[in-house]
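Take a look at the structure below.
Each value in this text was obtained by applying a stated rule to the coordinates, not by laboratory testing. Computed from a predicted structure; not experimentally measured. Here the Cβ positions follow ideal geometry from the backbone for every residue, glycine too, while neighbour counts run over all protein chains shown.
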Amino acid sequence: MKKRMLLLIALVATAALPAMSQTPEAAPKPKHKVVFELNAQAPSGWDQLFHNVDNILKIFGSEGVQVEVVFFGKGLRMLLKTNAEYADRLKAAADKGVTLAACQNSMRALKVTTEDLFPFAAQVDSGVAELVRKQEAGFAYIKGGE
Amino acid sequence: MKKRMLLLIALVATAALPAMSQTPEAAPKPKHKVVFELNAQAPSGWDQLFHNVDNILKIFGSEGVQVEVVFFGKGLRMLLKTNAEYADRLKAAADKGVTLAACQNSMRALKVTTEDLFPFAAQVDSGVAELVRKQEAGFAYIKGGE
Amino acid sequence: MKKRMLLLIALVATAALPAMSQTPEAAPKPKHKVVFELNAQAPSGWDQLFHNVDNILKIFGSEGVQVEVVFFGKGLRMLLKTNAEYADRLKAAADKGVTLAACQNSMRALKVTTEDLFPFAAQVDSGVAELVRKQEAGFAYIKGGE
């Protein structure tokens, strides 16, 4: 009887192994992935962006969600430290895990340096290429602005 | 002999069951699926929307097509009963099977109630989340407006 | 010995046949595919379009990339021969293999004929249907303009 119990435990343990060994890879993959484009000067889409991002986080948060906003063209200005009006809301989004990515091509064109950007801003080589990469990786694409 | 016949009938009936129970799901799946975003105040994209939807229905109709338009932000106003100028065209689209979905977040923000909307309007919890869900379900995404 | 050699040659030749007959189809499939929408009047997005397309070609070129720009609505005017200001840049994009596609529905609406378009412009039955087809074929979608 004891032998059977041990066998049972062994079987259960073995069956559990794959699940256990997957644990590292099983880091929660977000079920939902969304990339926003912000490519317009204020005010088109600047205020709405926060409503949109908050909706996405609220609705999909419990299932797992990854959100990135790509800023380029005239939208890059939103990430400038001088954009004090939006600083708190941008910081709050970054704190919730939202990636706020500045396009380095736009930075060069507008003579913006890393020091000019909010410290929580990320950077990508090209905003438009980033939108392509993200769509290729299964992100839904939403163009911000009206 | 009778017994065998009964058994045969029972077998055939059982075999038929799955097919029968699938009937509701087996409704013809559309080959093409398109979701439009309408997020701008008139006139940007309001007139073009009907051209776009009609083109999609005409070109893909024979192969099967499902079309949804999601109205939010300033685009929500298009679905208000007071928007008499567009009533006939919206009704015609709805009659052709196009889903016209109002964002409930925008409704709250603009203090719009169900009674304020055209009776053929559908509602979704969040316009932007709906755009994500539809893209996840294989819909092509077209942002209306210019 | 000679017979065997001939047989060997015959075998090699036969084996090579499928590869040879596939050559035309085996043209390198682009790893990245991007479709742009240009649906706005100047200047929204007209200048940025070239930056965007050039970025895509530069960043993804070595891995293989296919780019198409679909012009409709007020964006169609960009492809008119009378649009001299943009002629060189459009021609350069076409020379790099970018498809510049005019919407025939917009052509009819604006009374534009093939002769009115730059000679390097392609044509599609419907700009919006083309955007759907391309997304169905795995193209990332970028709506140009702000």
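Percent relative contact order of segment A:25-135, based on C-alpha pairs within less than 8 angstrom and at least six residues apart?
It comes to 28 percent, rounded to a whole number.
In segment A:18-146, what % of DSSP beta bridges are antiparallel (nearest 5)?
Here the antiparallel bridges make up roughly 5 percent for segment A:18-146.
Label-to-label distances across copies for C:G64, with labels 7 Å out along Cα→Cβ, in nm, shortest first?
Relative to the other copies, C:G64 has label-point distances of 3.1, 3.1 nm.
Got the B:E115 label distances to the other copies yet, label 7 Å along Cα→Cβ, in nm, shortest first?
Once sorted, the set of distances for B:E115 reads 6.1, 6.1 nm.
Give me the distance between the Cα centres of segment B:47-69 and segment C:32-74, rounded to whole Å.
Each part's Cα centre sits 24 Å from the other's.
Mind checking which lysines have their C-alpha under 16 Å from B:K91, skipping anything on the same chain fewer than 8 residues away?
Within the straight-line limit of under 16 Å, B:K91 reaches these lysines: B:K81.
Suppose you put the label 7 Å out from Cα in the Cβ direction; list, shortest first and in nm with one decimal, how far B:D88 is from each other copy's label.
5.0, 5.0
Counting other C-beta atoms within 10 Å, which of B:S44, B:S106 has the fewest, and how do the rest follow?
Ranked by crowding around the Cβ, least crowded first: B:S44, B:S106.
For segment B:35-146, state the average projected area of the convex hull of the C-alpha atoms over all orientations, rounded to one decimal in nm².
6.4 nm²
Where does each of C:E115, B:E37, C:E85 land when they are ranked from fewest to most other beta-carbon atoms within 10 angstrom?
Arranged by neighbour count, lowest to highest, C:E115, B:E37, C:E85 become C:E115, C:E85, B:E37.
Near the axis that takes chain B to chain C, which B residue has its beta carbon closest, and at how many Å?
Value returned for chain B: B:K143, 3.
What percentage of all Cα-Cα pairs in segment A:92-146 are separated by more than 13 Å?
66 percent
Tell me, B:S62, B:S126 in order of fewest to most beta-carbon neighbours within 10 Å?
Placing the least packed residue first, the sequence is B:S62, B:S126.
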